[in-house]
Amino acid sequence: MKITPKNLYQRQTTLPEIGEEGQQKLREAKIVIVGCGGLGSVAAVYLAASGVGNMHLIDFDVVSVSNLHRQVFYTTESIGKPKVAVLVNHIKSVAPFVKLTHSSSALSKLNTLKAFADFDIILDCTDSLPIKYLINDACVLTDKILVYGSLYKFDGYVASFNVPDTNGERSCNLRDAFPEMPKEYIPNCAEAGTLNSIVGIIGLLQANEVLKLITQTGKPLINQLLIYNSLENTQFKMKLKPSHDCHSDGAKRRGISDIFKTETYTDIPCDLQDENLLISATDLKEQLLKSRENLCLISVIENQNMLLPFEVDAKIPLSKFKPKNLKIEHSKTYVMVCQIGITSYTATKTLKMEFSDLMVLSLQGGIEKY
């Protein structure tokens, strides 16, 4: 049987709220999905299968074994391969009429505005807090709709930000809900853990928002943040209103433009870490075999129940990590350990600032690379 748009989307166009007109709007839509992990892979596959005509996928990461329990469009054969490449191949097999492009470059302040320029709706499917603010600010500055998704353990968060009304005025954005990035440490799903079902639910809710926005059907989550709890199966809609100093679009853009000039929007990516403060998995294994007595291993993973491939001397979540409370032995080398090597690097720098003459190292790549 020959596959055509008409027979492929028949069940969808049968809906009077969608019809051929709505399907045409989907075909003409141009969207960007930032992050092809648990949220992004689900949203991308469902939106492509729904008939969204133009999609650009952005993700710099490769598939790892720890991804598979929640990123169900990847297989054991995908491990080690770029997520965007694997996802593009899968989408092509189920949605032959979608025009797909992709990028394996990480978003940064230097490339985000350009990356969003030719698209209408941006999906934030990332797990990095600075990048979420970067995406939000870029969408405000370029007048793009942002469909936001986020996770924390058993909770999920969804909203449609920066949506124009009939007068062209834009709705609330992320900074209306949370004006500044929290200064306290917030663990991502790699460290806090997450249940796979909540990941799928939030990814699908993001896809649902996009479909409503494109086809102008239903009521998108405008000026509100949906908070869904998977344990209680409850949801709460938090109403949002513009910040007191950003009631007009011009004021919003000016305020965020000022922030954009000075904000770096960076985590501590592994490629920017000081090599003098790192120890590779190979070197640590060798040192553990030679002499365990000269090492002090500290896990700064927030979820202290996480299984580790070796014994540690202390388990202190980064949120509670205070160098002054440690009984330091200057004869030892201190090795900070976390899931992927970012939290441990933060702890390493913190400890080094307090005790400059102490030998402190971060496990490069974390226990995922061990």
Practice problem: Evaluate Rg over Rh across the chain, taking Cα atoms for both radii and Kirkwood's formula for Rh. | Solution: 1.01
Quiz prompt | Under 5 Å, built H, 5+ apart or other chain: amide partners of A29 | solution = G53, N54
Quiz item: Based on the Cβ-Cβ distance of T166 and N294, what FRET efficiency does E = 1/(1 + (r/R0)^6) give at R0 = 51 Å, to the nearest 0.05?
Solution: 0.15
Quiz item: Please state the equivalent ellipsoid semi-axes for segment 76-178: what are the square roots of 5 times the Cα gyration tensor eigenvalues, largest first, in whole Å?
Solution: 26, 18, 14
Quiz item: Can you tell which of E302, E17, E232 shows the greatest fluctuation in a Gaussian network model of the chain with Cα springs below 10 Å?
Solution: E232
Quiz item: Say each of K153 and T350 gets a label point 7 Å from the Cα, pointing the same way as Cα to Cβ; how far apart are those two points in nm?
Solution: 1.9 nm
Exercise. Would you mind getting the accessible area per residue of segment 278-370, heavy atoms of the protein chains only, 1.4 Å probe, in Å²?
Key: 54 Å²
Self-check item: Summed side-chain charge close to I18 - residues other than I18 whose Cβ falls under 15 Å, Lys, Arg +1, Asp, Glu -1
Solution: +1
Quiz item: What does the helix-only formula give at 222 nm for the chain: each DSSP H stretch with n ≥ 4 adding -39500 (n - 2.57), the total divided by the residues, and the result rounded to the nearest 500 deg cm²/dmol?
Solution: -10000 deg cm²/dmol
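Note the full-extension length gain between R11 and S319 as 0.36 nm times their separation in residues minus their Cα-Cα distance, in nm to one decimal. Each step should come with its number before you reach the end.
On the way: separation 308, 0.36 × 308 = 110.88 nm, distance 4.97 nm.
Here the answer is 105.9 nm.
For F73, what charge total do you get from the other residues with a beta carbon under 13 Å from its beta carbon, if Lys and Arg give +1 and Asp and Glu give -1?
Net charge in that neighbourhood comes out at +2.
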Exercise. Please work out whether segment 43-127 counts as rounded, prolate or oblate from its C-alpha gyration tensor, where a ≥ b ≥ c are the square roots of the eigenvalues and a/c under 1.5 means rounded, while otherwise a/b larger than b/c means prolate and anything else oblate?
Key: oblate
Quiz prompt | Residue pairs, from the table K30/K132; K25/K99; K144/K261; K81/K132; K315/K349, whose Cα atoms sit over 22 Å apart | solution = K81/K132
Exercise. Within the set of other residues whose C-beta is less than 13 Å from the C-beta of K99, count the net charge using Lys and Arg as +1 and Asp and Glu as -1.
Key: +1
Quiz item: Residues with amide H under 5 Å of Q224's amide H, sequence separation 5 or more or different chain, H placed in the peptide plane at 1.01 Å from N; which?
Solution: S160, L240
Self-check item: Test item: Cα-centred dipole of segment 270-370, Lys/Arg +1 and Asp/Glu -1 on Cβ, debye
Solution: 320 debye
Exercise. Tally up the carbon and sulfur contribution to the accessible surface of segment 221-370 as a whole percent, 1.4 Å probe, everything protein left in place.
Key: 49 percent
Quiz item: How large, in percent, is the carbon and sulfur part of the accessible surface of segment 25-124 at a probe radius of 1.4 Å?
Solution: 57 percent
Exercise. Compute the Cα gyration tensor for segment 96-249, then decide on rounded, prolate or oblate, letting a ≥ b ≥ c be the square roots of its eigenvalues: rounded whenever a/c is under 1.5, prolate when a/b is larger than b/c in the other cases, and oblate in all that remain.
Key: rounded
Quiz item: How high is the relative contact order of segment 310-370, in percent, counting Cα pairs under 8 Å that sit 6 or more residues apart?
Solution: 36 percent
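Let me make sure I get this right: for segment 265-370, a, b and c are the square roots of the gyration tensor eigenvalues over alpha carbons, sorted descending. Under 1.5 in a/c it's rounded, otherwise prolate if a/b > b/c, else oblate. Which is it?
rounded
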Practice problem: For segment 65-79, just list the computed ³J(HN,Hα) in residue order, Karplus coefficients 6.51, -1.76 and 1.60, θ = phi - 60°, integers in Hz, with x standing in for Gly and Pro. | Solution: 4, 6, 6, 5, 5, 10, 9, 6, 8, 9, 10, 4, 6, 7, 4
Quiz item: How far is it, in nm, from the label point at E368 to the one at H330 when both lie 7 Å from their Cα along the line to the Cβ?
Solution: 3.7 nm
Quiz item: Which residue, L289, L47, L240, has the most motion in a Gaussian network model of the chain that connects Cα atoms within less than 10 Å?
Solution: L289
Quiz item: Per residue, how many Å² of accessible area does segment 1-159 show with a 1.4 Å probe?
Solution: 45 Å²
Exercise. Would you mind checking which residues have amide H under 5 Å from N173's amide H? H placed 1.01 Å from N; only 5 or more apart, or other chain.
Key: N162
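The values are calculated or read from the model by the stated rules, or taken from the named source; none is laboratory data. Just so it is clear, the model here is predicted, and its values are computed rather than measured. Reconstructed Cβ throughout: ideal geometry from the backbone, glycine too, with neighbour counts over all protein chains shown. What goes into the accessible areas is simple: the full protein's heavy atoms, side chains included, and nothing from ligands, DNA or RNA. Shrake-Rupley method; radii C 1.70, N 1.55, O 1.52, S 1.80 Å.
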